[in-house]
Amino acid sequence: MQKGMHTHRERCVRAVQSKDARFDGWFFTAVLTTRIYCRPSCPVVPPKPENMTFYPSAAACQQAGFRACKRCRPDTSPGSPEWNQRADAVARAMRLIADGVVDREGVPGLAARLGYSTRQIERQLRAELGAGPLALARAQRAQTARLLIETTALPMAEIAFAAGFSSIRTFNDTVREVFALSPSGLRTRAPRRPTGPGKRPGAPGTPGALSLRLPFRAPLNPDNLFGHLAATAVPGVEEWRDGAYRRTLRLPYGHGIATLTPKPDHIACRLTLGDLRDLPVAISRCRRMLDLDADPVAIDDQLRTDPFLTPLVDKAPGRRVPRTVDEGEFALRAVLGQQVSTAAARTHAGRLAAVHGEPVDDPEGGLTHLFPAPEALAALDPESLAMPRTRRTTLLTLAGQLADGTLHLGVESDWEETRARLLALPGFGPWTADVIAMRALGDPDAFLPTDLGIRRAARELGLPSTPAALTARAAAWRPWRAYAVQYLWATDSHPINFLPV
């Protein structure tokens, strides 16, 4: 897999002819004779090579006048892994678009967050993706609209505004153009899944609740992914219940609750939202937390080149990096976890959430609060915090800088620049900065050579165990050292490595 794969015609043709699902999201196949675009794994008979052309995004296909295939539903394929493994302006822009920034702040807001002019952002996105930010956001709105049409009984007017459209007319025109069906036609074609006597198909059982499937590239090993999230869950903010990880979400228009259940070929996702306009953002953040757009085959193949890692990868391939739905929250929790056990960190965070977090109503379980906002923590009396003075200073300094905007942690953050700014804060060492880079900022090459679990695993495997020597040895694992961390951690019997029962 590589940047700009849609330009490698022979490789794309081979992928389509073999119906290789690993390439879904990397590129899209547009068929000149039918004016339909598909994912590479489309189950229909592949078109003749001379009738294929390839695009880097669904938005580019739509701009070129192609409509989404009704069989393979290319708009629902996993996202391109490129946006999670790169830190350049285009990748950061795509992460922001997925987070709904263009819908909320427009293209000027997108450009301002990235520190570029709108013209520069337009030019870079068009050059690489064949579409500008408005077209890319429009494609995302169309996908959200389809999801709501097919999985809920909401009136079309509510769906239009929940998906981010400015008018019913624009909603109707876009759905017809992208899917070659009217909104009511899409609903008629949707699979019938009755939820109970007298209920319409897809009607949520809880007000504001939506159920959907989150696709991923196989393989996916759920053990360390959900094990880590469950073992470090903050009481009241997160929980493991009935085979699912559940947590509260702070979203642009309100709050929500996500329930995520691992399945063999997808993640079952149930979202309870106070405002349906938050749906695209909630989906994007859940996918990012679970690292669902990763390319596990490419990652594992690279790590297998090291004979010390090969047995670990072969034993349980497809490990993901457990990430977060809120970068600032994770950074604050990383400080709370400095030099204490997982259980102690959970206790500290749970106490803060119970006293200073915003209450939420959870009729389905035991979630009670959002994690406290930086503004709430920054205003605390230092003497009210039951922790060592130095860690208290670190926490309140971080909270203050997050609250006043001096430090911003988000999907658009430059990894190296942000790591340097974190290291300049009092009480921040390499471990804290790198674990935030790995799990909050999403740097796939972040590494933790000073972590005790990593050093213990290195000794057991016969790898160098001193930080400097291990870092030098890990150069062969780049750019996937964050995934190597997951495999090394998995050699331990810590609860983070096991799917809860």
- How large is ³J(HN,Hα), in whole Hz, for each residue of region 470-475 in order, when computed from phi with the Karplus curve 6.51 cos²θ - 1.76 cosθ + 1.60 and θ = phi - 60°, using x for Gly and Pro? 5, 4, 5, 5, 6, 4
- Query: So which cysteines of the chain have no other cysteine's Cβ under 4.7 Å from theirs?
  - Reply: Cys12, Cys61, Cys269, Cys286
- Go through (i) 4, 18, 26, 23, 17, 9, 3, 0; (ii) 4, 19, 29, 28, 16, 5, 0, 0; (iii) 4, 17, 26, 28, 19, 6, 0 and flag the label whose value is the computed P(r) over Cα pairs in 10 Å bins from 0, in percent for this structure. (ii)
- Query: Extent of region 5-77 along each principal axis, from alpha carbon coordinates, in Å, largest to smallest?
  - Reply: 24, 23, 22
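Could the peptides 52-58, 116-122 be put in order, highest first, of the mean number of other beta-carbon atoms found within 10 Å of their residues? Spell out each step's value before the answer.
Numbers: 52-58: 21.4, 116-122: 15.6.
Descending mean neighbour count gives 52-58, 116-122.
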- Item | 222 nm mean residue ellipticity, helices alone, for the chain (DSSP H n ≥ 4; -39,500 (n - 2.57); rounded to 500) | -13000 deg cm²/dmol
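How big is the C-alpha Rg of region 394-489 next to the rule-of-thumb value 2.2 N^0.38 Å, as a ratio? Mind dumping the intermediate values first?
Working: Rg = 14.4 Å, N = 96, 2.2 N^0.38 = 12.5 Å.
Computed over Cα atoms of region 394-489, the ratio equals 1.16.
Which order, highest average first, do 384-394, 263-273 follow once you tally other Cβ atoms within 10 Å for each residue and take the mean per peptide? Each step should come with its number before you reach the end.
Working: 384-394: 14.7, 263-273: 17.3.
Top to bottom by mean Cβ count within 10 Å: 263-273, 384-394.
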- Query: Which log10 I(q)/I(0) values, to two decimals, does region 372-437 give at q = 0.22 Å⁻¹ under the Debye formula with one point per Cα?
  - Reply: -0.97
- Lysine pairs in the chain with Cα atoms under 27 Å, if 8 or more residues apart or on separate chains: 11
- Query: Between Thr471 and Lys19, 0.36 nm times their residue separation minus their Cα-Cα distance comes to what?
  - Reply: 158.8 nm
- Vicinal HN-Hα couplings computed from phi for region 237-246 (Karplus, 6.51 cos²θ - 1.76 cosθ + 1.60; Hz; Gly/Pro x): 9, 9, 7, 10, 9, 6, x, 9, 8, 10
- Query: How big is the gap, in Å, between the Cα center of region 9-45 and the Cα center of region 371-397?
  - Reply: 52
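With all pairs of different alpha carbon atoms counted, what Kirkwood hydrodynamic radius in Å does region 1-141 show? Working shown, then result.
Values: mean 1/r = 0.0654 Å⁻¹.
When all Cα pairs of region 1-141 are included, the Kirkwood radius is 15.3 Å.
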- Query: In Å, what is the Rg of the alpha-carbon atoms in region 209-292, and how long is Dmax?
  - Reply: 12.2, 35
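Give the shape of region 292-408 as rounded, prolate or oblate, defined through the alpha-carbon gyration tensor: a ≥ b ≥ c are the square roots of its eigenvalues, a/c under 1.5 means rounded, and otherwise the shape is prolate if a/b is larger than b/c and oblate if not.
Details: a/c = 2.33, a/b = 1.91, b/c = 1.22.
Note, shape of region 292-408 comes out prolate.
Given the peptides 395-402, 419-426, arrange them by the average over their residues of other C-beta atoms within 10 Å, most packed first. Before the final figure, lay out the partial values.
Values: 395-402: 21.4, 419-426: 15.0.
Listed from highest to lowest mean packing, they are 395-402, 419-426.
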- Query: What does the charge dipole of region 209-292 about its Cα centre add up to, to the nearest 20 debye, if the Cβ of each Lys and Arg holds +1 and the Cβ of each Asp and Glu holds -1?
  - Reply: 200
- Rounded to the nearest 0.05, FRET efficiency between His8 and Arg71 (Cβ-Cβ, R0 30 Å) equals 0.75
- Could you check the simple spin-label distance between Ser184 and Ala157, using points 7 Å along Cα→Cβ, in nm with one decimal? 1.5
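If contacts are Cα pairs under 8 angstrom and at least 6 residues apart, what is the relative contact order of the chain in percent? Working shown, then result.
Details: 871 pairs, mean separation 65.4, N = 501.
Here the relative contact order equals 13 percent.
Every number in this text was worked out from the coordinates using simple rules, so none of it is lab data. If you're wondering where the values come from, they're calculated on a predicted model, not measured in any experiment. For neighbour counting, all protein chains shown are included, and Cβ atoms are generated from backbone atoms with ideal geometry for every residue, glycine included.
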